[in-house]
Amino acid sequence: MTTTDSPNPRGRSHRRRIGSGLLTLSMALSPLAALGGTAQAAEDPDAIKQQVISDSMKNASGTVTAFVRFKGKGAFEQTQPAGVRAGTQAPVNTSSQVQAIASQVQSQAQQVSSQSGAQVLYTTHNAVRGVAVRGDAESIRALASRPDVEKISPILPKYRQNAGAAIDAGSLATWTGTTNPAGAGGYTGKGVKIAVIDSGIDYTHTDFGGSGKLEDYEKASKLTELPSADSGLINRTKVAGGYDLVGDAYDGSNTATPDGNPLDCTTGGHGTHVAGTAAGYGVNADGTTFTGDYSKLTAEQLKTMKIGPGVAPDAEIYAFRVFGCSGSTNVVIEALDRALDPNGDGDFSDRVNVVNMSLGGEFSPQDDPEAYAVDALTRAGVLSVISAGNANDYSLRGDTYSNSGHPATAASAITVANAYGSTRAVDAAELTDPATGTTRKVRGDYSVSYPWAQAGSKEFTGELTAISENNRYACNALSADEAAAVKGKWVLIDWAEADGELACGSKVRFDNLQAAGAKGVLLAGHDEEPGLGIAGNETLPGFRLAASAAKDLRTQITAAEAAGKPLTVRLGNELKSSLRVDTGKLDQLNPMSARGFHGSYGYTKPDIAAPGSYITSAAVATGNGSVTFSGTSMAAPYVTGSAALVIQSHPSYTPAQVKSALVNTATHDVRTESGDVYAVDRVGAGRVDTLAAVQSKSLAYNAQSPNTTSVSFGVLEYAPDAGVQTLTREVTVENTDSAAHTYALSYAPSTNIPGVEYSFPESVTLAPGETKNFTLSVRIDPSKLEKTRDPAADVTQNATDYYTGVETVPAQYRQYIASASGRLVLAEDNGQDLRVPIHVAPKPVSTMHAADRALTFSQKPSSEEAQKADTGWQKTPVTLKGTEVNQGGYRSLLGAFEYGASVDRVAPTSLSLNSNVKANLQYVGASSDAPALKAAGGNADDGTLRFGISTWANWDVVSYENTFTVEIDTDGNNRADYKLVTDRAKGLDFPLVRLYGYKNGSLVELAYYPLNGAWGDTDTNMMDTNTLVMGAPLKDLGLTSANNPDIQYRVSATTQYEWGNVSETGWIKYRPFSPKLWFSGDSSSVTGLFPDAPGSSLEAHRSADALPALGESGTPAKALLLHLHNGTGDLSGVNGATGDRAEVLNVKEQQDEYITPSRFTDVKSGDQFYTEISWLAQRRITTGYPDGTYRPLESVERGAMAAFFYRMAGSPQFTAPSTPSFSDVPTTHPFYKEIEWMKARGITTGWSDGTF
């Protein structure tokens, strides 16, 4: 319900609205105790429907894509015994039962399709029973009434997350070590099945045992099933299975055309690269498949290979293609379902062991639908490894809170960050000096637009010359003399100034040189690590030289030409990624690696880091070629391969144990360039160590949540005077070894907060095979808490388009949250250390509130003249009570507004995701400081219009994932003239408020402002809260005291998981220059907000119509106070609970009589009509029920209404007639006297049939 009258925290549906005063009255009045008994409501089908479908889906229109989840367990969970589900025995063949479930789901899907007219995209039955559909929103909405439907959720598109690592992270040592008790060298992943859910795989590539013949790729591209083992096109020992779920043309928005051939696209290659990193055989320098003994490989041999082996080179690959040749995907759930039964025969014995997903989105909640499926796979014994994300849609600024996206948010998954290795493969060109006969490889990068892959083994050679100094960038068309000098030659030009400034784009230069007859282009770069590639054009080959290679090259070219022996250059596909160089960045973090959860949902992400930068792996459609990519997409398959080795070495391990083995042994700190250790919500435990994970025989993990391994105490709130707090968690240590182990415990911090200390036992000893718990405690002194910053985090950030370099927002202080986090270390003499990431984020909160529940003004004089003569009635002090916060960068702030509307709390189960309740509006209000400016002698036109908003649940951050919009109508035509919208500027970790207005009929951005009115150097409690303030200067809205318009506004909120608004208000009237209520008081560090502290000066001012006198029209004003730094409180809505940050105050005059507190147990202070019900009880107009309740939402019987009227009239003396006036009201009716009184006074005449 939305109402502009007063809060109703116990309403049923936030879409229903009170439409009349009569309805309001009937809701407010309840049956009298004399009626006795209770009414039993029938089960409402519409109410059941609300629990199934997204609330916003009710208003959705057009074509939508949704996942309809059916009731019942998935086939694996339903048919497999507990031992299989626990991972202690092999799956049982229950194919007939599984096929029956599959048939049932397919039948349900067809019924859904027939009923709704929606297209069936796919069905799932192994992990989750359901069907993905695309169709009309209204028709899909009707499916919620089906008794077999459990949940309807939107499907959001997922995107790709775009040999030295084998040495750095220990996989080489794992292959060659003596860790395998069965002998024959180390572990290589033999017998382990890996599912790669990605863009497919080029199985004709020699890295996967294919022929390497380009014509074989062409043959394979025409097939609709995986080739047979004897086809010569595939090595089925390596690529054991797979499926194309989408087809080449699929882009996430159109219809999939699945078939049985998961061959990667020539324009794709992401999945091929990922599969090679996880489990490729490796490619020799001559392009052939490595078929040697992995246990005898050396680091020197690895460095000479064209493509190093994957981390688990003997593991089997199952490729599930979910991407077309371009675009996004909506079929990840289907792929996860197939991973339990790759060949679809209903027998789970072919289920995979580990799934790799180098895909995802950004700013996602913990209950994304794919996360549900991931956790279902975990329960079925399948581990998921997922890339943390690259901030792809955030200008690659990974240092952004909660940026990590779905499904990497799944608690049970291993989420992987991207670290640098010690070396990297780079592109090379060859320069030859005929005078000396020497040839050297020089470092650089190949132009992007030229079709190198189609060139095959072709060589690009020629004499090298330098362009004239007058046109050294080639940004201008070449003169006749310049063209003559470069014709038929490769040409060296300068790329940029020393400061990186570009004179023009690369395509212009290539086009100019091609027009002059040049054969190719060399660009003299000014960086060793250029970052973005160069485009060039599609017809002229080009190569950009690293700064070290470009140095003095112009001089050398000139000298060689003068001697008559010009230098020559050679390029070719075999030189791409052929030069290995030191990065100088071992165990540093790639800045685009996304920061994850910071404890808001009880755990942190990512879990671990792995080499993911400059990773060379198989290139699609090249036969045996390689390509170098960077990203968490490349880091995830490294951990996937490592997991396969752990599974091979510990076949009885559950997914949670495999995860713990990897996380525990990731003991290599990931640091900044200056040496600061990254926090657990950026890199997890540390950088993976494959060998240590395989060798370790002990595990340590969160006893309450083994699937997370790490321990987070969460985001905590304590008042400064709350006293010292101690919280505990249990950590399990599991010894799977035949020998005893003793570990000394210590703590390695990465972030600190004064007043926060961890404690734990000095040591823990485990006998062979023993498992025991110990207690991890955190002691928090709230009086000492400070807002400390992660030392590895940016202090300021600017918003810059990564691809164009255009700055959209200059450097500003970013948002952040203080945490005390690090690694609990279990160290053993001469043994393997173990790590458990631990984390807590406590913050001090105020407990402020208004001393009175109403703003009490002196009585307004009756005449306008008297009102003008005595203005004391216009203002009253507002007394604030409670405990303030004023310590360590925190200072409690208050927003004071004229109350506008309230919105009922929606049951979270009625939303697409339960977490969407964070966009369920609670209260909204407006304020303007124009009157205060005028009263102080300033210019009212310099004022700002602000809107205060509270919701029914906390968000972790305000981002693209949850959006608030205020529409402003300045001319009264019920159409928005301006909009304020919360948004982000890519690259800046801070929520913005963008102002949009109409210019020439189009809605355009006019300005932006920081949310809550201040940048991140002032804490306004923006994270893990449910209140915010959006504002804009009055002038920016075209509002001045001269035109002094009345405006109206409405507020809405949504998330990316809803098809419409989660909640919204109607239009609310407001007067910016003469509001019914406005406030003045002490100034704070943020304009428009007040200090929220006892003793601070705050005054409320009212207009003449803020409290209409009896007989006057209008609605009494109310105040909305937002205590931004208060704790969350109880937002459940139960018994009228509305949390502790927002409070609504009535307005009254001093002569108003005192209303005693409600006597009813179910009518709480703050409930809708609390005052009115208390007033009725005080006058004995109602006595409620004998059990002390009032039951305000029950229907009112007409006889009870008669009693209300009679008592409101003062219970006058009246003797009822002995003969009833109405046939259905006998003299024995409990309200006979009152009904007859109404009849006698002409208040009622009854019905025409003689009944009442």
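Just one of Ser927, Ser912 is small (Gly, Ala, Ser) and either surrounded by fewer than 24 Cβ atoms within 10 Å (Cβ to Cβ) or assigned to a strand (DSSP E or B) (or both); which is it?
Working: Ser912 fails: either surrounded by fewer than 24 Cβ atoms within 10 Å (Cβ to Cβ) or assigned to a strand (DSSP E or B) (or both).
Ser927 is the lone residue from the list that is small (Gly, Ala, Ser) and either surrounded by fewer than 24 Cβ atoms within 10 Å (Cβ to Cβ) or assigned to a strand (DSSP E or B) (or both).
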Exercise for the section: Kindly provide the set of residues from region 764-808 that are closer than 30 Å to Ala700 by Cβ, touching a Ser or Thr at 6+ places or on another chain (Cβ under 6 Å) and among the small types (Gly, Ala, Ser), ordered by number. Expected result: Ser777, Ala792
Exercise for the section: Please work out if Gly276 is buried (at least 24 other Cβ atoms within 10 Å of the Cβ), under 26 Å from Ser387 (Cβ atoms) and in contact with a helix residue (DSSP H, G or I) (Cβ under 8 Å, 6 or more places away or on another chain). Expected result: yes
Exercise for the section: Restricting attention to region 889-909, report how many residues are surrounded by 20 or more Cβ atoms within 10 Å (Cβ to Cβ) and either in a loop (DSSP other than H, G, I, E, B) or of a type in the set (Val, Ile, Thr) (or both). Expected result: 5
Handout entry: Unmet criterion (only one of (1) touching a helix residue (DSSP H, G or I) at 6+ places or on another chain (Cβ under 8 Å); (2) surrounded by fewer than 18 Cβ atoms within 10 Å (Cβ to Cβ)) for Pro791
Key = (1)
Fill in the blank from the handout: When restricted to Pro768, Pro749, the only residue outside the structural domain of Gly599 (by TED's automatic domain parsing), farther than 19 Å from Ala661 by Cα and either of a type in the set (A, V, I, L, M, F, W, C) or in contact with a strand residue (DSSP E or B) (Cβ under 9 Å, 6 or more places away or on another chain) (or both) is Pro749
Practice task
Using the structure shown, decide if Val246 is in contact with a strand residue (DSSP E or B) (Cβ under 8 Å, 6 or more places away or on another chain), modelled with pLDDT of 95 or more and part of a loop (DSSP other than H, G, I, E, B).
Solution key: yes
Problem - Scope region 537-557; condition closer than 22 Å to Arg580 by Cα and either modelled with pLDDT under 95 or crowded, with 21+ Cβ neighbours inside 10 Å (or both); matching residues - result: Gly542, Phe543, Arg544, Leu545, Ala546, Ala547, Ser548, Ala549, Ala550, Lys551
Exercise for the section: Filter region 371-381 down to residues that are in contact with a Pro (Cβ under 7 Å, 6 or more places away or on another chain) and surrounded by fewer than 24 Cβ atoms within 10 Å (Cβ to Cβ) and give me whichever is farthest from Ala985 (Cα to Cα). Expected result: Gly381
Completion exercise
Taking region 654-682 and keeping only residues that are farther than 13 Å from Ala748 by Cβ and outside any loop (DSSP other than H, G, I, E, B), one is left with Pro655, Ala656, Gln657, Val658, Lys659, Ser660, Ala661, Leu662, Val663, Asn664, Asp681, Arg682
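Listed residues Ile152, Ile140; which is of a type in the set (Val, Ile, Thr) and not in a strand (DSSP E or B)?
Numbers: Ile152 fails: not in a strand (DSSP E or B).
Going through Ile152, Ile140 in turn, just one is of a type in the set (Val, Ile, Thr) and not in a strand (DSSP E or B): Ile140.
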Problem - Residue tally, condition modelled with pLDDT under 85 and on the phi > 0 side of the Ramachandran plot, over region 341-373 - result: 1
Handout entry: Matching option when the condition is closer than 22 Å to Ala453 by Cα and within 43 Å of the chain's Cα centre (by Cα), among Leu522, Leu502
Key = Leu522
Practice task
Would you mind telling me which numbered condition in (1) among the hydrophobic types (A, V, I, L, M, F, W, C); (2) surrounded by fewer than 24 Cβ atoms within 10 Å (Cβ to Cβ); (3) out of contact with any Ser or Thr (no Cβ under 6 Å at 6 or more places or on another chain) Ile317 fails?
Solution key: (2)
Fill in the blank from the handout: Restricting region 393-432 to residues that are surrounded by fewer than 24 Cβ atoms within 10 Å (Cβ to Cβ) and among the polar types (S, T, N, Q), the one nearest to Phe76 (Cα to Cα) turns out to be Ser412
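Would you confirm, using the coordinates I've provided, whether Phe1204 is of a type outside the set (Ser, Thr, Tyr), assigned to a helix (DSSP H, G or I) and at pLDDT below 80? Write out each step before concluding.
Numbers: of a type outside the set (Ser, Thr, Tyr): yes; assigned to a helix (DSSP H, G or I): yes; at pLDDT below 80: yes.
Considered against the rule, which asks whether it is of a type outside the set (Ser, Thr, Tyr), assigned to a helix (DSSP H, G or I) and at pLDDT below 80, Phe1204 comes out as yes.
Looking at Thr288, Thr298, Thr378, Thr304, which is the one that is of a type in the set (Ser, Thr, Tyr), assigned by TED's automatic domain parsing to the domain that holds Thr632 and under 22 Å from Gly241 (Cβ atoms)? Break it down into steps so the answer makes sense when it comes.
Values: Thr288 fails: under 22 Å from Gly241 (Cβ atoms); Thr298 fails: under 22 Å from Gly241 (Cβ atoms); Thr304 fails: under 22 Å from Gly241 (Cβ atoms).
Checking each option against the conditions leaves just Thr378.
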Handout entry: Residue match in region 1025-1032 (condition: modelled with pLDDT of 95 or more and surrounded by fewer than 22 Cβ atoms within 10 Å (Cβ to Cβ))
Key = no
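What are the residues in region 683-703 that are in a loop (DSSP other than H, G, I, E, B), of a type in the set (D, E, K, R) and under 29 Å from the mean Cα position of the chain (by Cα), if any? Walk me through it before giving the result.
So in region 683-703, the residues in a loop (DSSP other than H, G, I, E, B) come out as 684-686, 688-689, 696-697, 703.
Subset that is of a type in the set (D, E, K, R): 689, 697.
Hit for region 683-703 is Asp689, nothing else.
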Problem - Flag for Thr856 being in contact with an Asp or Glu (Cβ under 8 Å, 6 or more places away or on another chain), outside the structural domain of Ala935 (by TED's automatic domain parsing) and over 28 Å from Pro754 (Cβ atoms) - result: no
Handout entry: Tabulated pairs, region 855-872, first assigned to a loop (DSSP other than H, G, I, E, B), second loosely packed, with under 10 Cβ neighbours inside 10 Å and at pLDDT below 70, C-beta under 7 angstrom, 6+ apart or interchain
Key = Gln859/Gln1151
Exercise for the section: For region 575-590, enumerate the residues that are closer than 20 Å to Ala685 by Cβ and either at pLDDT 90 or above or buried (at least 24 other Cβ atoms within 10 Å of the Cβ) (or both). Expected result: Asp587, Gln588, Leu589, Asn590
Handout entry: Which numbered condition Ile1173 fails, given (1) at pLDDT below 80; (2) within 30 Å of Pro1075 (Cβ to Cβ); (3) in a helix (DSSP H, G or I)
Key = (1)
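The values are calculated or read from the model by the stated rules, or taken from the named source; none is laboratory data. This one's a predicted model, so the numbers in the text were calculated from it and none came from an experiment. Every residue, glycine as well, gets a Cβ built from its backbone with ideal geometry; the counts of neighbours run over all protein chains shown.
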